[in-house]
Amino acid sequence: MILVDTSVWVDYFNGAVNPQTDWLDAALGTEPVVMGDLILAEILQGFQNDRDYRKAQRLLEGIPFMDMLGRELAVKSAQHYRYLRKKGVTVRKTIDVMIGTFCIHHGITLLHRDRDFVPMEKYLNLMSVVPTNLEEYDE
């Protein structure tokens with residue numbers, strides 16, 4: 001099962017071409033892709049045009065859905081964040097630690113284009129679909 005991060009969905013909806021959007025385009029309808037509540041909220045809040053918002057919402061409603069956080073994973077996310085800080089890594093967005101922790105906990109592979117996940121791959125064994133290359137990620 002693959003969870004697609006907001007970073008890839010934004011590129012996908014904006015027509016960006018990169019290894020992650022290519023993978024997503026080929027995988028939709030053929031690979032087991034799952035949507036999470038945190039990611040759904042991030043994606044939909046970014047649309048300025050109502051028509052595009054509704055179109056995206058319809059597309060995303062067709063993807064199997066999972067609730068992502070809850071008490072247990074909230075605590076585990078805090079532990080992961082603190083562990084990374086002790087390793088000298090500060091993740092820029094708490095929500096990314098939550099998404100990474102969800103994937104680690106459920107054994108779900110993450111498709112992303114966000115440098116915040118790279119230390120989670122290195123130190124927490126987060127599985128990624130497309131091999132990461134830190135230089136390819138935008139700031």
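Values quoted throughout were computed directly from the atomic coordinates according to the rules given, and no laboratory measurement underlies them. Everything numeric here is computed off the predicted structure, so don't read it as measured data. Positions of Cβ are backbone-derived with ideal geometry, glycine not excepted, and every protein chain shown enters the neighbour counts.
The table that follows gives values for the structure above.
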| read-out | value |
| --- | --- |
| Share of pairwise Cα separations in the stretch 2-136, more than 23 Å, in percent | 31 |
| Relative contact order, percent, the stretch 2-136 [alpha-carbon distance under 8 Å, six or more residues apart] | 29 |
| Cα-based Lys pair tally, the stretch 2-136, threshold under 26 Å, eight or more apart or on separate chains | 7 |
| CD proxy at 222 nm, helix term only [per DSSP H run n ≥ 4: -39500 (n - 2.57); per residue of the chain; nearest 500] | -16000 deg cm²/dmol |
| Three principal axis lengths of the stretch 15-54 [C-alpha, angstrom, descending] | 28, 22, 15 |
| Nearest-ten-degree value, helix 94-106 long axis tilted from longest Cα axis of the chain | 90 |
| Only Lys, Arg (+1) and Asp, Glu (-1) charged, at Cβ; the stretch 1-133 dipole about Cα centre in debye | 620 |
| Environment charge at Lys93 (Cβ cut-off 9 Å; Lys +1, Arg +1, Asp -1, Glu -1) | -2 |
| Förster radius 25 Å - calculated FRET efficiency between Arg92 and Phe47 (Cβ-Cβ, nearest 0.05) | 0.65 |
| Nearest-0.05 FRET efficiency for Arg54 and Lys122, computed from C-beta distance (R0 30 Å) | 0.15 |
| Acute angle (nearest 10 degrees) that the helix 70-86 long axis makes with the longest principal axis of the chain, alpha-carbon atoms | 60 |
